[in-house]
Amino acid sequence: MAVDGARGGLVCGAVTVAALGLVFAALSRYQVPDYADQDVSLGLVGALFGSVGAAAVIAVIRRQPGWARGHVVVPLILVPAAVLPLVTGLERDNIEAVAIWGAAAIGVHTLLEKRRAALAGVALVLVGAVLLTWACQHRWRAHKFEAVGLPLYAPELPGYHVDRTWAGRYTVSMTLRPDGRDVTHYVDAVIRENPRCRNGTTERETSGSTLIICLPGKDGVAMTIKPSYPGPDLSPLFERTSVREVDGSFFANYRNGGEMEPD
């Protein structure tokens, strides 16, 4: 049955929201760009079928000529615009992303019923959705580190500072950069499960230029500090090396990068 008027705008908005929800439901909770990440493929396919499917449904329920046909175009533009940036590089939270872009979809469809105010209103709604998505980037990135489920600590290695951070599926890693410009060697620090630290062990162990520090907060977790290959001998610094507890927002302050998880 065809619908029109304000009610029609809300119905069309609900259809576009449903398409967005289905696409994001098929994605993993957070964007983790590694060998196991299928979000780009799922996002491309989902955006294609979701937008076309929503447009087809709207075409059936809005069978009026002229201005009302604009409702069909909305999901064709809005669904890919919402999904693709969030699967090809930006951070995301699926539920909040659907909330932001779903509200935008309802707003756009509703505004299309007001022809004179539609163009300016639609522009404001879309700009608002983009700005909200951008404003959430730091918080979403912080949540990604916390979602790994490991205690979060930062190393304090004399002469080095954190330069890049990376949240994997079961590790959190950092790249440390030397303070001095005349030194070009980098250091890797990785938080992961380690059986040597089980049963409440809080030991420090060195092996050549590698330092393993058992972390409190969760049994069987350690930070491994070692030079990126090839690198300097770090063993003289290990006695003065420590770790400090941080939260996800600390890691979110840095660019994405670090040790990727092996296949």
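Number of residues in segment 209-220 that are out of contact with any helix residue (DSSP H, G or I) (no Cβ under 6 Å at 6 or more places or on another chain) and not in a loop (DSSP other than H, G, I, E, B) equals 3. Within segment 9-60, the set of residues being in a helix (DSSP H, G or I), closer than 30 Å to residue 165 by Cβ and either open to solvent by less than 70 Å² (accessible area, probe 1.4 Å) or among the aromatic types (Phe, Trp, Tyr) (or both) comprises 20, 23, 24, 39, 40, 41, 43, 46, 47.
Annotation note: Cβ proximity below 8 Å between a residue of segment 129-140 that is in a helix (DSSP H, G or I) and surrounded by fewer than 16 Cβ atoms within 10 Å (Cβ to Cβ) and a residue that is modelled with pLDDT of 95 or more and of a type in the set (Ser, Thr, Tyr) (sequence gap 6+ or interchain) occurs for 138/249; 139/249.
Report yes if some residue within segment 107-130 is under 16 Å from the mean Cα position of the chain (by Cα) and among the aliphatic types (A, V, I, L, M); otherwise report no. Yes - at least one qualifying residue is present in segment 107-130. Which condition does residue 157 not pass, out of (1) closer than 19 Å to residue 250 by Cβ; (2) open to solvent by 30 Å² or more (accessible area, probe 1.4 Å); (3) touching a residue at least 60 places away in the same chain (Cβ under 8 Å), if it passes all the others? With respect to (1) closer than 19 Å to residue 250 by Cβ; (2) open to solvent by 30 Å² or more (accessible area, probe 1.4 Å); (3) touching a residue at least 60 places away in the same chain (Cβ under 8 Å), residue 157 is out only on (2).
Could you list, in sequence order, all residues of segment 181-211 that are crowded, with 18+ Cβ neighbours inside 10 Å and within 13 Å of residue 242 (Cα to Cα)? 189, 211, listed by residue number.
With respect to residue 164, is the statement that it is open to solvent by 50 Å² or more (accessible area, probe 1.4 Å), in contact (Cβ under 8 Å) with a residue 60 or more places away in the chain and not in a helix (DSSP H, G or I) true? Against the criterion (open to solvent by 50 Å² or more (accessible area, probe 1.4 Å), in contact (Cβ under 8 Å) with a residue 60 or more places away in the chain and not in a helix (DSSP H, G or I)), residue 164 qualifies.
The values are calculated or read from the model by the stated rules, or taken from the named source; none is laboratory data. Note that this is a predicted model, so its numbers are computed, not measured. Note: ideal-geometry Cβ built from the backbone for every residue, glycine included; neighbour counts use all protein chains shown. All accessible areas refer to the heavy atoms of the entire protein, side chains included, with ligands and DNA or RNA removed. Shrake-Rupley method; radii C 1.70, N 1.55, O 1.52, S 1.80 Å.
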